[in-house]
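What follows is a set of notes on a single structure, which appears directly below.
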Amino acid sequence: MWCEAVRRRERGELGARRFETAARARRTASLALSNRKEFATPHNGAVNSLQVDLIERRYLLSGASDGSAAIFDVQNAIEYEAGFIAKHRSILLVDKQHENGHKFAVSMAVWYPVDTGLFVTASFDQYVKVWDTNSTQVVMDFKMPGKVYSAAMSPIATTHMLIATGSADVQDPLNSLQPSSSSKIYSAQQRTGKSKKQSHKLHKSQIPGHGHIQQRLHPGLSSSQNRATAHYGAVTGLRTTTDGMYLLSSGSDSRLRLWDIDSGCNTLVNFEAMRLQTSKPLQLAVTEDPSLVFIPCMASIKAYNLWSGMTFQTFRGHYEPVNCCYYSAQEQELYTGSNDRQILVWSPSTPAFTEMEDDGKRQMDFVVDEDNWSD
Amino acid sequence: MPRPAASSSSRPPPEGEPASSRATSSAESSIASLIDRATSTTSPSVDPALLRAIKSAARASDGAIRDAFRILLSLMSKPHAHVRLLAFTIADELFMRSKLFRSLLADVLDGFLPLAVGFRRAHPLPPPAASATLLRKAAVQALERWHHLFGAHYRQLRLAVEYLKESARVQFPGLRAAVEARAAREARTQEILTAKVEQLRRNLAAIKAEIRSAIDEIRNGLDIIRIESEKFNNYANDEDAEQEIASLAMRSIRMASLMAGEWVPETQENEAVFDALRESYRLLVSKHLVTVQEWISVLVRVNLANNRFRDSALKEFIDVKNEIRAVRNRCSELGLNLDNVHRRKGVQEEEDDDFWVEGNIEVPSPGRVGTSADVASSSKDTRKGKKPVGGTDTDDGKAPNAGNSPQELDPERAKLHAEAPVLPWSSVLDRWGSNRDALVNQRGLELESHWGRVDNDAVIPAAKIAELNVHSSIYREDPVEILPCLAPLKKGGLCQRRDLKICPFHGPIVPRDAEGNPIYQSDGHCDAEGNPVGQTDGRYDAAVSPIDPNEDSSDLRENMIMPDGSSDGECIYESSPSRTANINNDISDSDVGHDLGKITVEQLARQAVQNVRKRDRDDKKALEKAQRVRIRQHNQDVLREAALASTSRSAADYDLPSPAVSRRGRRGKTKGPTLASMLKKKVTSKDRIAERLLNARARDATIREVSHTEDMSYREAFPNQW
């Protein structure tokens, strides 16, 4: 069928954009645990956050509960196992052994949006640190008044360089700006829908992080008459669609809700039953065309159709609850990080392609995976 | 089976037909029933025939495999470890064979493994425990095997193994790792061997030449010696008249012995030859033979692509080895004992020995050479013969220090030595006879390793030291040898118990002879063996030993009766009225010294006492035995009662057959234990007794409480009536 699409594209029957969309959709629909690509985890604790850089779409940054953060090259593997299993080892690791490493769990690690030379880590040891990627040194650190649960930077901002953080201290004023040479701290306490709303307007594309689990979030509280509670329980995860029009929120009441950012209304999409981890912030992922949302449901990841709320697929493979997932639009791959320390790659499985690849790389060291009915 | 058609139509259709039709209609249902049958037994493993049937059924179609997968998955979630074990066995078989099954299982491996390995604390493996252990072991082993075989194709397998190893800390048997390690070791050895063979390939000619030269040297040396010896033998033979050895046989024997003993003693003339010979022999045996053997072992073990060189080299080496052996044998046959050169002792010592021996040999050897009869004796023998001589020589040299010293002491000193007490060492002896002041430092009197300043004023006066050093000794009792009881035992032998005075089994310890009979003393105690009573007359029956001071024995005497007329040596006893005993006493008193000697009377008395005691003991034993029997009987009764009726269920079971039993009976099969029965906790009689005791205690407590409350209420109701 993909040959057919290619042929139609050749003949000019299919527009470039539509061809691309169709190919992406097809690939996204066939996601499965990749046997060709794996990350060798350097972490000794739960993986809390995952992000691929926004410039080259090549470097995956992960932060883990053992206070470490690592960077992987998503595209080029360092070594191959058994000839065809690309093993991606971390090309950079910052852990407790590092002189400036975090003492406690890294809750969030984000790239500096305009350059891969910097990244930001937020940790439970009350520090937010800005790292130079090339020299692996801390270029700046900010002491926060409490545990830092989340940090984010606006990918489209041109007039400021602010890091939004969500920390445990509730008395910190909303817009406390801490001037510094290159970065400024913008401590966004996600206590009210108002703050939420403001940040939406501010960024229009990316929500700065997750709700502190003891706080409630009311995305549409101030902007409309709808004063209903968004979630019965803590809000554990937030994600806007890539076009910035919709916001997804997950709560400890095991619900996923889709909000229209412009109006602040609940779209009332009924997502099918799920069971969510309540004790940790979740990192959701949305495909770029928004059609699917990936949400960690305990030890599995579920893909829901964004508009119908139907379960599209369930990804099983982790042995412990999953904390975060990141969808790479470039490769149409899903990366998930879990409490079992693993970062798994879910890539489009197209048997025809993989078999073709296999023919070149196959080694006879391993038993060929075929039927073997001896008796 | 020839039968009328009508009758066969009336009968129900035979068993096989519907089964076969079912099988043809749907393979799924057949595989389902097969798996069901295979997993609903209590046997420790799946029936091989069933397993084969399942495999062949699964092979038929993908649908069957999917079906089997679904059924196995549902079986794996059953709360019964044995069902899971059997299901896992089948799953393992299918996994090893079907790609479809592998891919199906890989997708749900994260749910499957906890059911098989039970590594999640919240969901441990279900009972029974024995099957659970087996299941866990089998699962971990299978997982390792799967990982080894198919790990490259299934990320899930790699993940599972890594998770179990790193996070869940499940111990893998590591069989695969061990095998791989062994293979690696093998490969390394082969590498080394190959390198060695390469080296050999370069050096083979040189090695061979060297060995050859050594062998030649020895041969030459031997030739020289033989020539000499032949000269000598000829000389000797000339001297001896040939005709003395008349028969051919005798001559051949003689020749053989001569050949065997073909030996030329080492003399000054051929000393150089011998030295050279010895040297090259040593070289040959200690170096070349060993190298050759090493090379052979290397060549045998090495695994080369091209075996031609190996074979040829091996052949050559074996030849060389045989040659060396031949030379060595020849040397030893010739009696040239060259081995002594490399005996295990230090070489230097050896040289010294040689020196001593040689020096001694010089004198007698000409004489020996002269007598040709001694030809057969080897140099070893002569040396052995000489050695003691040398030894005594040295002894003589050393003698004054060691052996003769006691004789040379003056007698007075010897006497003092004899009287002197032997003291254990103490610090007194350190300062014996010294009356100097002692220096001290901070650590006290220990000045041995004092490296610092010495303060000459810090001293302890000699008087104080003497006071401190007063010798004290503790009284030690001399060890007393406790004599064994030595009474004869029933099973033979003597009692070896060592008690101070009284053996608990055989009474007071008395001196006994070799068979255990007591050696009588004047006031000896009674013992097991008395003289036969038959010797005595019937007229008097019991006698008292007047000297016996023992109180209870006198009591016993009172209880003892011997009826008249017991002349046959057997004493007959009754329960003893003391009156008669007294009478008997009187009688015996009157009879003392009547017509028998006093000793006999005493003996009789002893015998009587002994008999009474024995009977008493027997009685006691019998009583005890009866008591024990009663107790045992009682216990058994209690146990039986407890076993039967402690629980209503078991009681009911015992009394009337349960419907399950009757159904089983109707089915006509004596069915073994069911799967459900494996889950039941087995109630032992111990549990039942514990339960009963608990019940009894609870009942007692309740009764007490009830009576107490009653009492209280009564008191309250009638306060002035107690």
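Between A:Cys3, A:His102, A:Leu92, the Cα set farthest toward the positive side of the dipole of segment A:1-149 (charges on each charged residue's Cβ, about the Cα centre) is that of A:Cys3. Amide H contacts under 5 Å for A:Phe315: A:Ile301, A:Lys302, A:Ala303, restricted to partners 5 or more places along the chain or on a different chain, H placed in the peptide plane at 1.01 Å from N.
For segment B:479-518, count all C-alpha to C-alpha pairs, find those more than 13 Å apart, and express that count as a whole percent of the total. That tail contains 44 percent of the Cα-Cα pairs.
The residues packed around A:Arg24, meaning those with a beta-carbon under 12 Å from its beta-carbon, carry a net charge of -1 if Lys and Arg are +1 and Asp and Glu are -1.
Taking θ as phi - 60° and the Karplus parameters 6.51, -1.76 and 1.60, the scalar couplings of segment B:91-97 work out to 4, 4, 4, 5, 4, 5, 10 Hz in sequence order, x denoting glycine and proline.
Between the C-alpha center of segment A:35-74 and that of segment B:300-331 there is a gap of 63 Å. Model label sites at B:Glu191 and B:Asn220, defined 7 Å from Cα along the beta-carbon direction, differ in position by 4.6 nm. Residues whose amide H falls under 5 Å from that of A:Asn48, counting only those 5 or more places apart or on a different chain, are A:Gly63, A:Ala64, A:Ser65, with hydrogens built in the peptide plane. Based on the alpha-carbon gyration tensor of segment B:29-173 and its eigenvalue square roots a ≥ b ≥ c, which shape applies: rounded if a/c is under 1.5, prolate if not and a/b is larger than b/c, or oblate? Verdict is oblate for segment B:29-173. Measuring between their Cα centroids, segment B:111-137 and segment B:178-196 lie 39 Å from each other. Among the listed pairs B:Lys78/B:Lys680; B:Lys196/B:Lys315; B:Lys490/B:Lys620; B:Lys165/B:Lys680, a Cα-Cα separation exceeding 26 Å is found for B:Lys165/B:Lys680. Given R0 = 35 Å, the distance between the Cβ atoms of A:Thr158 and A:Ala29 translates into a calculated FRET efficiency of 0.45.
Computed over neighbours whose Cβ is under 13 Å from that of A:Phe312, the net charge equals 0, Lys and Arg +1, Asp and Glu -1.
Taking K and R as +1 and D and E as -1, what net charge do the other residues with C-beta under 15 Å from the C-beta of B:Arg704 add up to? Local charge sum for B:Arg704: -2.
The string of couplings for segment B:273-285 from the Karplus curve (6.51, -1.76, 1.60, θ = phi - 60°) is 4, 4, 4, 4, 4, 5, 4, 5, 5, 4, 4, 5, 6 Hz, one whole number per residue in order, with x for Gly and Pro. Peptide A:314-323 has a mean shielding of 4, counted as Cβ atoms of other protein chains within 10 Å of each residue's Cβ.
Any read-out appearing in this document is the output of simple, stated calculations on the displayed coordinates, not a laboratory observation. No experiment lies behind these values; they were computed from the predicted model shown. With ideal geometry, Cβ positions are generated from the backbone for all residues, glycine too; neighbour counts draw on all protein chains shown.
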